[in-house]
Amino acid sequence: MKLRIFVTLKPGVLDPQGRAIHHALGSLGFAGVEDVRAGKLIEMEVADSTDDAAIDSMCQKLLANTVIENYRIERL
Amino acid sequence: MKTAVIVFPGSNCDRDLAVALGAVTGVRPTMVWHGDTALPDGIGMVAVPGGFSYGDYLRSGAIAARSPIMRAVVDAAGAGLPVLGVCNGFQVLTEAGLLPGALMRNAGLNFVCRDVALTVGATDTGFTRGYTPGETIRIPVAHHDGNYVADDATLDRIEGDGRVAFRYAEPVNGSARAIAGVLNPAGNVLGMMPHPERKIDAAHGGTDGRRLFDGLLAMVGA
């Protein structure tokens with residue numbers, strides 16, 4: 001089974017990298033960009049028998065830092 | 001006092017810490033590899049050094065915080081052993097859940113490497129008893145991810161409990177409430193971005209960092 005884990009900064013956490021990307025887009029002449037936030041995409045191949053609780057635990061224990069990040073699991 | 005320094009793949013301030021601890025205690029620290037599962041017997045403190053453990057992959061300190069030796073460090077911290085995390089070591093301690101908050105990319109996006117002025121906060125701990133409250137000291141920083149972040153409730157709590165050990169006295173990295181070093185509730189775990197081990201000899205430009213180790217030694221009474 002293929003998984004995609006999207007790790008994103010929680011709302012309200014300032015994102016210096018997103019801000020830098022935002023500035024760079026502006027300097028390239030792209031108008032109308034109102035906000036940019038950068039996150040991570042982690043693609044995994046796991047055994048079909050892997051249950052939801054185990055996947056959630058992987059996110060909680062390692063893949064995301066839940067102090068500052070949210071995560072979303074997508075099964076392909 | 002016997003001490004230990006944890007070494008991860010990618011640590012690069014472990015030997016600086018060992019020199020500092022050796023100079024202050026008169027005993028060379030035991031270097032403990034990340035794959036070990038136990039700390040040496042009879043140590044009075046353990047230090048988690050700066051560097052780029054595991055290449056900062058995933059998040060700074062994230063992989064190191066899940067290494068075998070960190071389970072022993074977390075247990076020892078719970079039992080009251082003083083634990084000092086410097087720079088990447090601070091990141092590791094937050095990732096391991098020993099300290100609140102997280103360290104994000106510097107607000108200015110640049111790696112900051114220079115001496116900075118710090119204001120000493122709490123002085124009722126072994127780490128900070130060598131300083132006077134509100135004193136300004138100068139200790140170098142060298143980091144890319146030193147921007148301390150926590151939610152407002154957490155920040156209020158650590159400030160209210162007197163757990164801010166050091167604050168930046170000048171703009172450095174965008175840290176919430178200028179926090180440069182934070183203590184756990186019991187006061188035996190300190191994480192800080194500045195490098196006290198780089199200011200232990202007057203020949204290196206000052207000894208403001210040495211007083212942290214001296215204070216700890218005096219508290220342990222060895």
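Provide a whole-number value for the mean count of partner chain Cβ atoms within 10 Å of the Cβ atoms in peptide B:101-110. Each step should come with its number before you reach the end.
Details: counts 2, 6, 2, 8, 7, 1, 3, 2, 5, 0.
What the average comes to for B:101-110 is 4.
How many nm separate the modelled label positions at A:LYS61 and B:ASP36, each set 7 Å beyond the Cα in the direction of the Cβ?
2.4
Contour minus end-to-end for B:ASP201 and B:THR132, with contour as 0.36 nm per residue of separation and end-to-end as the Cα-Cα distance?
22.8 nm
How high is the relative contact order of chain A? Use alpha-carbon pairs under 8 Å, at least six apart in sequence, and give a whole percent.
57
Of B:ALA72, B:ALA122, B:ILE139, which is farthest along the charge dipole of chain B in the positive direction, counting Lys and Arg as +1 and Asp and Glu as -1 at C-beta?
Projecting each Cα onto the dipole axis, the largest value belongs to B:ILE139.
Computed over the Cα atoms, what is the radius of gyration of the protein assembly as shown divided by 2.2 N^0.38 Å, N being its residue count? It would help to have the intermediate numbers written out before the result.
Values: Rg = 19.8 Å, N = 298, 2.2 N^0.38 = 19.2 Å.
This ratio for the protein assembly as shown stands at 1.03.
Report, to one decimal in Å, the Kirkwood hydrodynamic radius for the range B:2-220 based on all distinct Cα pairs.
Over the range B:2-220, the inverse of the mean reciprocal pair distance is 16.7 Å.
With just the Cα atoms defining each centre, how far is the range B:116-187 from the range A:1-38? Give it in Å.
Comparing the Cα centres of the range B:116-187 and the range A:1-38, I get a distance of 29 Å.
Given the options A:THR66, A:GLY29, A:THR8, identify the residue whose Cα lies farthest towards the positive end of the charge dipole of the range A:2-75 (+1 on Cβ of Lys, Arg; -1 on Cβ of Asp, Glu).
Going by the charge dipole, the pick is A:GLY29.
How big is the charge dipole of the range B:2-220 about its Cα centre, in debye rounded to the nearest 20, if each Lys and Arg gets +1 on its Cβ and each Asp and Glu gets -1 on its Cβ? Walk me through the intermediate numbers first.
Working: 18 positive and 21 negative charges, 54 e Å.
It comes to approximately 260 debye.
Name the residues whose placed amide hydrogens come within less than 5 Å of the amide hydrogen of B:MET45, ignoring near sequence neighbours (fewer than 5 apart) on the same chain.
Close amide H contacts, sequence-distant or interchain: B:ALA4.
Quick one: check the C-alpha center-to-center distance for the range B:1-70 versus the range B:192-222, whole angstrom.
Their Cα centres are 17 Å away from one another.
Working out 0.36 nm times the residue gap between B:ALA186 and B:TYR57, then minus their Cα-Cα distance, what length gain in nm do you get to one decimal?
Answer, rounded to one decimal: 43.4 nm.
Using DSSP loop states and a limit of at most 15 other Cβ atoms within 10 Å to flag chymotrypsin sites (Phe, Trp or Tyr not before Pro), what is the longest stretch of chain B containing no flagged site?
Excluding the exposed sites themselves, the longest stretch runs over B:112-222.
Near the amide H of B:MET31, under 5 Å away, which other amide H atoms are found, from residues 5 or more places off or on another chain, if H is placed in the peptide plane?
B:VAL5
Based on the Cβ-Cβ distance from B:ALA176 to A:LYS40, what FRET efficiency comes out when R0 is 30 Å, to the nearest 0.05?
On the way: r = 22 Å, r/R0 = 0.74.
Taking R0 as 30 Å, the efficiency between B:ALA176 and A:LYS40 is 0.85.
Counting each DSSP H run of 4 or more residues in chain B as -39500 (n - 2.57), what helix-only mean residue ellipticity at 222 nm follows after dividing by all residues, to the nearest 500 deg cm²/dmol?
Taken over chain B, the calculation gives -7000 deg cm²/dmol.
Among all the lysines, which ones have a C-alpha under 28 Å from A:LYS61's C-alpha, if same-chain residues fewer than 8 places away are not counted?
A:LYS2, A:LYS10, A:LYS40
Which shape class applies to chain A: rounded if a/c is under 1.5, otherwise prolate when a/b exceeds b/c and oblate if not, where a ≥ b ≥ c are the square roots of the Cα gyration tensor eigenvalues?
prolate
Bear in mind these aren't lab numbers, they're just calculated from the coordinates by the rules spelled out. None of these values were measured; they are calculated from a predicted model. All Cβ positions, even for glycine, are placed from backbone atoms using ideal geometry, and neighbour counts span all protein chains on display.
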